[in-house]
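> Take this structure first; my questions come after.
Where a number appears in this text, it was derived from the coordinates with a stated rule and is not lab data. Here the structure is a predicted model, which means the values were calculated and not measured. Here the Cβ positions follow ideal geometry from the backbone for every residue, glycine too, while neighbour counts run over all protein chains shown.
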Amino acid sequence: MRARDFRRLALALPEAVESEHMQHPDFRVGAKIFATLDATGSFGVLKLSPQEQQAALRAHPGLFEPCAGAWGARGYTKVALERASVALVRPLLEQAWRSVAPARLRNAQRDS
């Protein structure tokens, strides 16, 4: 997977927009960040719960890693894009999106 694939998947989620902070792209819904790309495009970051993060780390060692410090302890998870597949990342991006999306959007997506 490439950074453009990650971007396409993130922006396909309802009301997702691309923005930027700290000189790298981020993806938001309702002004809240659910994913980012590093400046080089070599890895993405997903806002997962700590439990979702641990499940990803166990299922795919070497592909995912916690972000450094308190961010990682809160569930923020790096994914090595060159080793990842769209099929693997898509549901995790959806989980990250759901973690910050307003209830009206989460409910609409679930009902569709």
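> Tell me the Kirkwood hydrodynamic radius of the chain in angstroms, computed as one over the mean inverse distance between distinct C-alpha pairs. Don't skip to the answer; put the middle values down first.
On the way: mean 1/r = 0.0722 Å⁻¹.
Kirkwood hydrodynamic radius for the chain: 13.9 Å.
> Moving on. Please give the FRET efficiency for Q51 paired with S85, using the beta carbon to beta carbon distance and R0 = 22 Å, rounded to the nearest 0.05.
Working: r = 22 Å, r/R0 = 1.02.
The value I calculate is 0.45.
> To continue, here is another question. Give me the percent relative contact order of the chain, please, defined on Cα pairs under 8 angstrom at least 6 residues apart.
Working: 184 pairs, mean separation 31.2, N = 112.
Over the chain, the number comes to 28 percent.
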